[in-house]
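Let me begin by presenting the structure, written as structure tokens, before commenting on it.
The values are calculated or read from the model by the stated rules, or taken from the named source; none is laboratory data. Computed from a prediction, not measured in an experiment: that's the story for all the values here. Cβ sites come from the backbone with ideal geometry, for glycine too, and all protein chains shown count toward neighbours. The accessibility values were calculated without ligands, DNA or RNA, using every heavy atom of the protein model including side chains. Shrake-Rupley method; radii C 1.70, N 1.55, O 1.52, S 1.80 Å.
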Amino acid sequence: MSTGIKRAPGRELLSALETVPDLYLILSPDLLILTASDAYLAATFTTRSQITGRHVFDVFPDNPATREAKAVANLRASLQNVLETKKPHRMVRQHYDVPDGSGGFVEKYWLPVNTPVLDEQGDVWYIIHKVEDVTDLARRATDKYLALLNSMDEGFCILQMLFDEEQKPVDYRFIEINPAFEDQTGMKNTLGRTASELVPDLEPFWFDIYGRVALTGESTHFENFAGPMGRWFDVYAFRIGEPDERHVALFFKNITDRKHTEEALRHSEERFRRMVDAVPESMWITDATGNIEFLNQQWYDYCGVSDKQETAADVAVRFLHPEDGPKVMAAFSKAMQTGLPFEVEQRNRSASGEYRWFLNRANPYRDLKTGEIINWFGVGVDIHDRKLAEQALQEADRRKNEFLALLAHELRNPLSTLHNLLLILKMTGGADESLKLETAIDMMNREVQQLVRLVDDLLDVSRISHGKTHLRRQRLDLTELVKLAVEAARPLVERGKRRLSLSLPAEPLYLDGDATRLTQVVRNLLGNAAKFTRNEGQMAISLERDGQNARLRVADNGIGIPPDELDRIFNMFVQVDASRARTQEGLGLGLTLVKELVELHGGRVAAYSAGVDAGSTFTVYLPLLPE
């Protein structure tokens, strides 16, 4: 048993108990009075200031004028029982006089019940001493006492317990009942008869429980099912009269309907839980202030935890992206203030540590009478794929706009040159020595060829994207094809004094392919390497057999590729940072065409770069014909 007043009940709780109409005295484990209800103060002729903080037996001693007074001893024993067992104890009627404030005592009869309230550690926090003032009842005749019992809705009876030679309870006889007894039990003509006569198959535990009360004097309160009667009962049993009389009194109520309701509610809750656990979305319920009352199994499975979560704020800290947690809690707080539904997009951390986008929606549930919010019901829908698609669409739109701007620039340069040359020729008739007609025609031819290449690239990408490209397949030697393609591209490569090394296998490598398209692949890779390799830089192209594939590798020591651009270097509208790379004309569609044409041949292409200014390597794998 603890000593001293350990954490006293809160002032709000005490204030609430002080105003209830019943008679309550609140005691600490040391039996100091913490407070009392107004009704109790009135019944005992005391004031709250007079008794608070004092020991209960200092305030309410035995009446010295009463011979063989046992009130203090009986109450002390009951309170000690409560402290030791941590269970309620109902006392039989007590003759316990109270001081009248002027040195005398007022005769009083009480029916006390002492109930412990336990703290989180399971220790007695305080004791509620509830009494019923039965002084008037005690003073009345027996018929009035019976009239009171007869007016109760609860069943009441007095049992005569029957024991065998070994003091084992084997039956009981009904010696007194009230009218409600028949309504509560459904049994008739019970007085003087035993339980075994009335209910032959009655379970033995009823005899055991009541026999223990008769022998020990310890009251008990329990709920149990009487199978042969098909009824649930809430029973309070206590010994009455002298111990050797073996009498037990019962207050009881038929709670079968309540139990059925509870069972139906349990089944309903179980169906609800099974239903919400089966849905693919995360579902949650909080109280009005954000304390979590329910999370469905999908939520636990996604987050990979099993421990109970306390508040929405805790979840925001533990499982939301650090950038989203404050935003979500701000939206929830605003919803709690306004009472309006809320919707927010957030990133939730999964069991693997990955964050996925969710759309979190919640609606308030209100009390039908007061309109006050009782709960918030929410659902989290996985929108990660949709979110990525939206981001990809935005990125594609951005790249398209960049591409269109680049296309306009690339078209404007040759068109501007053509326009200026034609204007000069028109003005001079080709007779100007500074711009001879042959020179002008050569310049115009180069610009027209550039325009043709731009348009051809655009048409090729469009055809491949729409599946309209048809390969003219034939058996061809890839070794010879690469050799010829390199020779054709040498003027472009060596224009800036770049050095190109070529490594080819001695034997032919045969495959089934379109010579024109594969030549385009080689030339595009060489052109890309030349474009991003500085003057006097180095380039290398090699071809070799790799199992059942041919491996073509084009490397350079040029400006390299940033790591964040490697994964998308083959995408349409993607180019390496223009601020570093715009030394050559072109739309940057060459690598897109390489990837699409290689894949049309059943191959694959990969890019590698150690980073900016570390050069690049493009490797193409193409399936060879069986030898």
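Here is a list of conditions, (1) touching a helix residue (DSSP H, G or I) at 6+ places or on another chain (Cβ under 9 Å); (2) of a type in the set (Lys, Arg); (3) open to solvent by less than 60 Å² (accessible area, probe 1.4 Å), and residue 259 meets all of them except one; can you say which number that is?
It fails just one condition, (1).
Does any residue in the range 68-96 that is within 15 Å of residue 31 (Cβ to Cβ) and touching a residue at least 24 places away in the same chain (Cβ under 8 Å) come within less than 6 Å, Cβ to Cβ, of a residue that is assigned to a loop (DSSP other than H, G, I, E, B) and of a type in the set (A, V, I, L, M, F, W, C) six or more places away or on a different chain, and which pairs are these?
Once the first residue is within 15 Å of residue 31 (Cβ to Cβ) and touching a residue at least 24 places away in the same chain (Cβ under 8 Å) and sits in the range 68-96, its partners that are assigned to a loop (DSSP other than H, G, I, E, B) and of a type in the set (A, V, I, L, M, F, W, C) give 78/91; 83/1.
Looking at 257, 234, which one is in a strand (DSSP E or B), without any contact (Cβ under 8 Å) to a residue 24 or more places away in the chain, charged (D, E, K, R) and closer than 30 Å to residue 149 by Cα?
Working: 257 fails: in a strand (DSSP E or B).
Answer to the selection: 234.
Just checking, how many residues over the range 480-506 are farther than 20 Å from residue 532 by Cα and buried (at least 19 other Cβ atoms within 10 Å of the Cβ)?
Selection size over the range 480-506: 2.
Determine if the range 382-403 includes at least one residue that is under 19 Å from residue 301 (Cα atoms), part of a strand (DSSP E or B) and modelled with pLDDT of 85 or more.
Scanning the range 382-403, I find at least one residue that is under 19 Å from residue 301 (Cα atoms), part of a strand (DSSP E or B) and modelled with pLDDT of 85 or more, so the answer is yes.
What is the number of the single condition among (1) modelled with pLDDT of 90 or more; (2) among the hydrophobic types (A, V, I, L, M, F, W, C); (3) farther than 17 Å from residue 618 by Cβ; (4) open to solvent by 10 Å² or more (accessible area, probe 1.4 Å) that residue 509 does not meet?
(4)
Between a first residue in the range 109-130 that is under 9 Å from residue 82 (Cβ atoms) and a second residue that is open to solvent by less than 30 Å² (accessible area, probe 1.4 Å) and among the small types (Gly, Ala, Ser), which pairs have beta carbons less than 6 Å apart while being 6 or more apart in sequence or on different chains?
114/78
Which pairs turn up if I take residues in the range 576-603 that are surrounded by fewer than 15 Cβ atoms within 10 Å (Cβ to Cβ) and assigned to a loop (DSSP other than H, G, I, E, B) and look for partners that are at pLDDT below 70 and of a type outside the set (Lys, Arg) with beta carbon separation below 8 Å, at least 6 apart in sequence or on another chain?
Filtered contacts from the range 576-603: 585/410; 585/413; 585/450.
What number of residues in the range 546-572 are of a type in the set (Gly, Ala, Ser) and without any contact (Cβ under 8 Å) to a residue 60 or more places away in the chain?
Residues that pass the stated criteria total 3.
Does residue 44 count as surrounded by 13 or more Cβ atoms within 10 Å (Cβ to Cβ), more than 26 Å from residue 243 (Cα to Cα) and not aliphatic (A, V, I, L, M)?
Judged against the criteria, residue 44 is a match.
Surrounded by fewer than 12 Cβ atoms within 10 Å (Cβ to Cβ) and assigned to a loop (DSSP other than H, G, I, E, B): does that describe residue 218? Walk me through it before giving the result.
Working: surrounded by fewer than 12 Cβ atoms within 10 Å (Cβ to Cβ): no; assigned to a loop (DSSP other than H, G, I, E, B): yes.
No; evaluated as a whole, the condition is false for this residue.
Any residue in the range 270-299 that is within 15 Å of residue 376 (Cα to Cα) sitting within a Cβ distance under 8 Å of a residue that is open to solvent by 60 Å² or more (accessible area, probe 1.4 Å) and part of a loop (DSSP other than H, G, I, E, B)? List the pairs, counting only those 6 or more apart or interchain.
Short answer, once both residue conditions are applied: 288/372; 291/310; 292/308; 292/310.
Filter the range 531-557 down to the residues that are within 19 Å of residue 594 (Cβ to Cβ) and either touching a Cys at 6+ places or on another chain (Cβ under 9 Å) or at pLDDT below 90 (or both) and list them by number.
531, 532, 533, listed by residue number.
Sort through 165, 176, 197 and tell me the only one that's without any contact (Cβ under 8 Å) to a residue 60 or more places away in the chain, open to solvent by 10 Å² or more (accessible area, probe 1.4 Å) and assigned to a loop (DSSP other than H, G, I, E, B).
Of the residues listed, the single one that is without any contact (Cβ under 8 Å) to a residue 60 or more places away in the chain, open to solvent by 10 Å² or more (accessible area, probe 1.4 Å) and assigned to a loop (DSSP other than H, G, I, E, B) is 165.
Can you find a residue in the range 147-157 that is more than 15 Å from residue 251 (Cα to Cα) and at pLDDT below 85?
Taking every residue of the range 147-157 in turn, at least one turns out to be more than 15 Å from residue 251 (Cα to Cα) and at pLDDT below 85.
Somewhere in the range 215-223, is a residue touching a residue at least 40 places away in the same chain (Cβ under 8 Å), touching a strand residue (DSSP E or B) at 6+ places or on another chain (Cβ under 6 Å) and of a type in the set (A, V, I, L, M)?
Among the residues of the range 215-223, not one is touching a residue at least 40 places away in the same chain (Cβ under 8 Å), touching a strand residue (DSSP E or B) at 6+ places or on another chain (Cβ under 6 Å) and of a type in the set (A, V, I, L, M), which makes the answer no.
Just give me the residues in the range 604-622 being part of a strand (DSSP E or B), open to solvent by less than 20 Å² (accessible area, probe 1.4 Å) and either more than 13 Å from residue 514 (Cβ to Cβ) or out of contact with any strand residue (DSSP E or B) (no Cβ under 6 Å at 6 or more places or on another chain) (or both), in sequence order.
Those that are part of a strand (DSSP E or B), open to solvent by less than 20 Å² (accessible area, probe 1.4 Å) and either more than 13 Å from residue 514 (Cβ to Cβ) or out of contact with any strand residue (DSSP E or B) (no Cβ under 6 Å at 6 or more places or on another chain) (or both): 616, 618, 619, 620.
Can you tell me how many residues within the range 260-280 are outside any helix (DSSP H, G or I) and at pLDDT 85 or above?
0
Report, by residue number, each residue of the range 534-552 that is within 53 Å of the chain's Cα centre (by Cα) and either open to solvent by less than 80 Å² (accessible area, probe 1.4 Å) or within 20 Å of residue 398 (Cβ to Cβ) (or both).
Listed by number, the residues that qualify are 546, 547, 549, 550, 551, 552.
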